[in-house]
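Let me begin by presenting the structure, written as structure tokens, before commenting on it.
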Amino acid sequence: MTAELPPRPDPRKRLGDTMQAWLTWLGPSRLALSALSVVIVAAGVAWLVRTPAPPTEAGLPFAGTGATVPVVPTLPPPVTLPASPSSAVGPVIVHVAGSVLAPGVYELDAEDRVHAAIAAAGGPTSTADLNGLNLASAVVDGQRIYVPEVGEVDPSTVPSGGIVDRSEQTAGDSGPLVSGPIDLNTATEAELETLRGVGPATASAIVEDRERHGPFASVADLERVPGIGPAKLAAIADLVSV
């Protein structure tokens, strides 16, 4: 049988009597159950509204404002080298004289050769001797190109000894002969070119060797010059001195 509950309290009674009546009506078991329910509800609410734990990254240390920032080196701007003077291209002025149809001053391209300069002057005359010229050499600004006649050389290249009669020249040699020996230690390239078998390249090599290694001690020292062997030395040995 179900135990009979006491009658509900009359709400018209005093508050103290009403509360006492409610406590009596609930009984100790209901009161404890109600209190436990309140605690459980309060715990659930507290768990729901709790502040979430900070993420793992939040626990890592932060670099302070004084932390050193690595400096990336700045490369210098590229250096533009000036153009080499030898690579400059422009007109050159040359003087063509001697046995040409129209001697005079002419403007040529920097890459032109001696034969182009002679052609600009109308070409050689019928008595011109081109064998003593290097027609393939490049022209240089301010250069004087002299075309001799047969049996003649450029007067500006003749040494103080003068010109020997061309009839004394051996067959097969086209270069002019000179009287008197040429001093190897003082002669210019133009004077050296008057020697039999000595062209512009060899004359330039003789002067360059003299400037680099000092004066020649003897005529035999010519063999140290590139392009001069025993045969060529024997051909000019009587025409030079030191």
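State, as an integer percentage, the relative contact order of region 89-152 based on alpha-carbon contacts under 8 Å between residues 6 or more apart.
42 percent
If you take the Cα Rg of region 89-152 and divide it by 2.2 N^0.38 Å, with N the number of residues, what do you get?
That ratio works out to 1.02.
Read-outs throughout are calculated quantities, based only on the coordinates presented, and are distinct from any laboratory measurement. Note that this is a predicted model, so its numbers are computed, not measured.
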